[in-house]
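The structure under discussion appears below in the form of structure tokens.
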Amino acid sequence: MLLILVAVALSAEPDVSPEVAPPPRVVGPMVELAPLSNGYKVTLSRRGVERFREMLENTDEKQAAAALREFAKKKRAGDDPDEAAAGKLELLAFVAGSQIPALRNELRDKAGPGGAVLTVTGIQKKELPVPESRPRLRRAAEAVRGVMPLLPPEARETLGGLSAMARTTPLSWTVEPRP
């Protein structure tokens, strides 16, 4: 009798299509870097977005800005004052204080199911800014530049992205969802 009631109840329902699972995703790295002509692009997987957002949530932008400003004061008042480095630290303090909350909100609102793409644009120098006082770093950069053509395409793109990050003075950024 119960079986007849179930059969009648199921036949009374209109045709219902079965639920379809989402298509599988290709597994890739958490962070991918790519150079652009006037900046760089950081592609974050869903897990990469979650980790970056967690780090931003745990960052107090006011404390970070205050620490950077204090470090800039020390650079100006030290035995060997470095006004250029102090100016860069002041700029970083401003960026930390004003941009971290906006970036936190953009990642929360615009990250897609596959992650997010952060595009940073700005003024880009031709050469990597390696100071004369860092000869080992200069030699390492020259060695990397020499082996770039021998590397696989993915490694070349990542190193190009790192170079673009080091050469770019950011002026703007955008966050776009990654499907």
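The values are calculated or read from the model by the stated rules, or taken from the named source; none is laboratory data. Keep in mind that what you see is a predicted model, and the values were worked out from it rather than measured. Positions of Cβ are backbone-derived with ideal geometry, glycine not excepted, and every protein chain shown enters the neighbour counts. Accessible surface is based on the protein model in full, side chains and every heavy atom, while ligands, DNA and RNA are left aside. Shrake-Rupley method; radii C 1.70, N 1.55, O 1.52, S 1.80 Å.
For S37, state whether it is modelled with pLDDT of 90 or more and loosely packed, with under 10 Cβ neighbours inside 10 Å. Walk me through it before giving the result.
On the way: modelled with pLDDT of 90 or more: yes; loosely packed, with under 10 Cβ neighbours inside 10 Å: yes.
Spelling it out, S37 is indeed modelled with pLDDT of 90 or more and loosely packed, with under 10 Cβ neighbours inside 10 Å.
Just name the residue that is nearest to the chain's Cα centre (by Cα) out of those in the range 53-66 that are hydrophobic (A, V, I, L, M, F, W, C) and open to solvent by less than 60 Å² (accessible area, probe 1.4 Å).
My answer is L56.
You will find that of P129, P153, the residue that is open to solvent by 70 Å² or more (accessible area, probe 1.4 Å) and more than 20 Å from the chain's Cα centre (by Cα) is P153 and no other.
Given the conditions (1) open to solvent by 30 Å² or more (accessible area, probe 1.4 Å); (2) at positive phi, and given that G115 satisfies all but one, which numbered condition is not satisfied? The number of the failed condition is (1).
I need the full set of residues from the range 23-33 which are in contact (Cβ under 8 Å) with a residue 60 or more places away in the chain and surrounded by fewer than 16 Cβ atoms within 10 Å (Cβ to Cβ), in order please. Spell out how you get there, then give the answer.
First, the residues of the range 23-33 that are in contact (Cβ under 8 Å) with a residue 60 or more places away in the chain: 25, 32-33.
Within the range 23-33, R25 is the sole residue that qualifies.
Taking the conditions exactly as written (modelled with pLDDT of 90 or more and open to solvent by 30 Å² or more (accessible area, probe 1.4 Å)), does K88 satisfy them or not? Against the criterion (modelled with pLDDT of 90 or more and open to solvent by 30 Å² or more (accessible area, probe 1.4 Å)), K88 does not qualify. Can you confirm whether R136 is modelled with pLDDT of 90 or more, open to solvent by 70 Å² or more (accessible area, probe 1.4 Å) and under 30 Å from E176 (Cα atoms)? Judged against the criteria, R136 is not a match.
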